[in-house]
Amino acid sequence: MNLVRQERYREARDRLEASADAFPERRSMFTHPLARILAAAPDDRVRDGRRALAIVEGLAEEEQSLLLGETLAMALAELGRYSEAATVQRDL
């Protein structure tokens with residue numbers, strides 16, 4: 001998260017991906033922050049709403065939380081699905 005604070009979004013994404021691969025037993029610890037970066041990074045070369053949504057949907061099968069719901073709304077908004085994103089936020 002320090003890389004995000006330093007606005008080094010690509011490096012943050014790459015490290016989270018590498019960490020998720022290196023520690024499969026702790027994968028969700030890395031994939032949720034990865035989904036947030038993919039959904040909302042100011043750098044449009046880093047954002048990937050489809051991938052963020054796929055990650056969130058996978059995580060939602062195992063857990064449900066306010067933060068995960070927020071990330072879902074972010075991914076939906078990145079994909080231009082604003083009405084769905086607003087509904088998710090209201091439901092949270």
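Would you pick out the residues in the range 48-64 that are charged (D, E, K, R) and either over 13 Å from the mean Cα position of the chain (by Cα) or part of a helix (DSSP H, G or I) (or both)?
Residues satisfying the conditions are Arg50, Arg51, Glu57, Glu61, Glu62, Glu63.
I'm checking my understanding of the structure. Among residues of the range 9-36 that are open to solvent by 80 Å² or more (accessible area, probe 1.4 Å) and modelled with pLDDT under 95, which one is nearest to the chain's Cα centre (by Cα)?
Pass one, the range 9-36, residues open to solvent by 80 Å² or more (accessible area, probe 1.4 Å): 10, 15, 21, 23-27, 29.
Filter once more, so that each one left must be modelled with pLDDT under 95: 21, 23-27, 29.
Numbers: Asp21: 16, Phe23: 18, Pro24: 17, Glu25: 19, Arg26: 16, Arg27: 13, Met29: 11 Å.
Residue satisfying both the conditions and the ranking: Met29.
Residue pairs, Cβ under 6 Å, 6 or more apart or interchain, first in the range 46-67 and without any contact (Cβ under 8 Å) to a residue 60 or more places away in the chain, second assigned to a loop (DSSP other than H, G, I, E, B) and surrounded by 12 or more Cβ atoms within 10 Å (Cβ to Cβ). List them.
Pairs that qualify, where the first residue is without any contact (Cβ under 8 Å) to a residue 60 or more places away in the chain and the partner is assigned to a loop (DSSP other than H, G, I, E, B) and surrounded by 12 or more Cβ atoms within 10 Å (Cβ to Cβ), are Arg47/Ala41; Gly49/Leu79; Leu66/Leu92.
For the range 37-47, indicate whether the set of residues that are at pLDDT 95 or above, surrounded by fewer than 19 Cβ atoms within 10 Å (Cβ to Cβ), of a type in the set (A, V, I, L, M) and outside any helix (DSSP H, G or I) is non-empty.
yes
The values are calculated or read from the model by the stated rules, or taken from the named source; none is laboratory data. Note that the coordinates shown come from a computational prediction; the quantities given were computed from them, not determined experimentally. Backbone-built Cβ (ideal geometry, glycine too); neighbour counts: all protein chains shown. Ligands, DNA and RNA are stripped out before the accessible areas are found, and what is left, the full protein with its side chains, is counted by its heavy atoms. Shrake-Rupley method; radii C 1.70, N 1.55, O 1.52, S 1.80 Å.
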